[in-house]
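As structure tokens, the structure follows; a few thoughts come after it.
The values are calculated or read from the model by the stated rules, or taken from the named source; none is laboratory data. None of these values were measured; they are calculated from a predicted model. Please note: Cβ atoms are built from the backbone with ideal geometry, for glycine as well, and neighbour counts cover all protein chains shown.
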Amino acid sequence: MKKETARTLRAFLIELAIYSVLVVVYFFLVLHFLGEWLVQLHNRYAYAVVSILLIIGQAVLLEAVTTLLLRMIRGRSE
Amino acid sequence: MFFPISNAHISPIYLVVVGFLIGILGGFFGVGGSFIAGPALRLMGVHWNFAVGTDLAHIVGKSVVAARRHRALGNVDLKLGLLMAVGTIVGAECGAQLIQVLKRAGNVDFVVSIVSIVVYISISSFMIWESRKTLREGDARGTAKTISQKKKDTSAFRHVTDAIQGFKLAPMIKLPVSGVTISLWVILIVSFIGGLFSGFLGGGAGYIRMPSMVYVLGIPTHLAVGTDLFEIIISASYGTFTHAIKGNVDILIALVMHTGAAIGAQIGAISTQYFAGPKIRLAFVPLPLIGAVIVIYTLISGHKL
């Protein structure tokens, strides 16, 4: 039981480290350019639709990334 | 980091950490966490209207992650969630109209503050009484050991729930995932009230909807958490859209907050597997109390957090 907990914690910490690197890269590569584009989007309805699509798209993407990372790390440690 | 839409300078690390904490709460309790996110954004100098709209956008993303994880664990009743979304959206619109009426009367802040303090304290008091009583009775019978035993919910308020389920006004809705058959009108009334409070007090009102799903509809706690998150996706998307049209959403802040919330929401969702329903409900008790403390502080100091 203790071994299993330690393995889960180790997998989680590795996942967190890789995830942090990906998030920093994402901040600089995507959000930086996205900000300029969004500011120039003057149509409020278009901005509302883009906002919803961006947040749902990011949610699906991040959930897939974290699930994949965890599966890969767990797969390697077993 | 500069956010040009709301014209604010905020550390991305701060936003990620706040998102992470709210994500854990959301994944575990099925709440939006606006009572923390709103003040956290305000503390960084984000204008009130942007704090409300941006918080809603972030709630959408966090709820997508948490609801997907809960769905994988079998904790989402899609049929119930869709039905509740209808009542919530109608209720939220009525709540917003009520605010407009009070604004015209000139005493909106005082009335909203008093109502929210009474509601928050009532929910916490009731839940602490019910969950402790249920846990004491459970201890007398022997506690649940496995995950499936933990998901089989019990409540000291069960006799009232049974009476509500006995209210046979057509159309009756069968919810096989939740194991409940109940009148559509009860579902709509519960979700309407949740929506009304959401429009009236702000935020997603998960602190009202999640307990009412358990105590009024008789949904097991784990399913109430997952289904509430699914329902929040729909109602918060609607709220985000209407706020974005009014220019109240800084989607960049929401996206940065959400990178932390995505991890937190998964931790919260997975953690529910290790706790029985009454323990989740007992742990829920401080959340409305935090909301009450924030409102009391606002009322006394005059600073809107």
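Pairs are defined by a Cβ separation below 6 Å, a sequence spacing of at least 6 or placement on different chains, a first member in the range B:248-264 that is at the interface with chain A (Cβ under 7 Å from one of its Cβ atoms), and a second member that is hydroxyl-bearing (Ser, Thr, Tyr); the pairs so defined are B:Val249/A:Ser51; B:Val249/B:Thr54; B:Ile251/A:Ser51; B:Ala254/B:Thr54. For beta carbons closer than 9 Å, sequence separation of 6+ or different chains, a first residue in the range B:156-175 that is within 28 Å of B:Trp129 (Cα to Cα) and hydroxyl-bearing (Ser, Thr, Tyr) and a second that is modelled with pLDDT under 80 and surrounded by 10 or more Cβ atoms within 10 Å (Cβ to Cβ), the qualifying pairs are B:Thr161/B:Ser155.
Within the option set A:Ile14, A:Ile52, being in contact with a Ser or Thr (Cβ under 9 Å, 6 or more places away or on another chain) and within 12 Å of chain B (Cβ to nearest Cβ) holds for one residue only, A:Ile52. No other residue among B:Leu223, B:Leu287 is out of contact with any Pro (no Cβ under 6 Å at 6 or more places or on another chain), surrounded by fewer than 24 Cβ atoms within 10 Å (Cβ to Cβ), more than 14 Å from chain A (Cβ to nearest Cβ) and not polar (S, T, N, Q) apart from B:Leu287.
Taken together, A:Leu31, A:Leu69 contain a single residue that is surrounded by 13 or more Cβ atoms within 10 Å (Cβ to Cβ), more than 8 Å from every other protein chain (Cβ to nearest Cβ) and either assigned to a helix (DSSP H, G or I) or at positive phi (or both), which is A:Leu69. Filtered by the rule that a residue be more than 7 Å from chain B (Cβ to nearest Cβ) and small (Gly, Ala, Ser), the range A:34-49 gives a lone residue, A:Ala46.
Within the span defined as the range B:32-46, one or more residues are aliphatic (A, V, I, L, M), closer than 15 Å to B:Val249 by Cα and in a helix (DSSP H, G or I). The condition of being of a type in the set (A, V, I, L, M, F, W, C), part of a helix (DSSP H, G or I), within 7 Å of chain B (Cβ to nearest Cβ) and surrounded by 11 or more Cβ atoms within 10 Å (Cβ to Cβ) holds for A:Val23.
Checked against (1) surrounded by 24 or more Cβ atoms within 10 Å (Cβ to Cβ); (2) under 19 Å from the mean Cα position of the chain (by Cα); (3) within 10 Å of chain A (Cβ to nearest Cβ); (4) among the β-branched types (Val, Ile, Thr), B:Ile267 meets all criteria but (1). The residue that is surrounded by the fewest Cβ atoms within 10 Å (Cβ to Cβ), among those in the range B:65-75 that are touching a His at 6+ places or on another chain (Cβ under 9 Å) and within 14 Å of chain A (Cβ to nearest Cβ), is B:Leu73.
For the criterion of being touching a strand residue (DSSP E or B) at 6+ places or on another chain (Cβ under 6 Å), on the phi < 0 side of the Ramachandran plot, part of a helix (DSSP H, G or I) and of a type outside the set (Val, Ile, Thr), B:Leu21 fails.
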